[in-house]
Amino acid sequence: MTTLTVRQTQRLAHKANLALTLAIVLGSIEFLRRVPRLLLLLLGLLVCTAALFVIAYVWWIVGALAAIVGWKLTRGAVRGWRECEVGR
């Protein structure tokens, strides 16, 4: 019994990868060909809505964090300014 060389193993893996990719693409095309158009439209609308919600959610988090950091910095600056005024 012989074992495969590294080159033969890589070639076999490349062919398997190519065959799997081709099978996925052909399966997706067949699925899209058979599914009703209204269902595809509703699915596309759902995906777009979900993507926009995720983007908006991320920006809400960034905005909230920026507001908290700004409030903390402002409060610290005011407190430091008051302490500096008391020391005079």
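The values are calculated or read from the model by the stated rules, or taken from the named source; none is laboratory data. Predicted model, so just to flag it, every value in this text is computed and none were measured. So basically every Cβ, Gly included, is an ideal-geometry build from the backbone, and we count neighbours across all protein chains shown.
Observations
- Within the stretch 4-55, the set of residues being basic (Lys, Arg) and surrounded by 10 or more Cβ atoms within 10 Å (Cβ to Cβ) comprises 11, 15.
- When 43, 39, 12, 20 are checked against the criterion of being at pLDDT 90 or above, part of a helix (DSSP H, G or I) and within 19 Å of the chain's Cα centre (by Cα), a single residue qualifies: 43.
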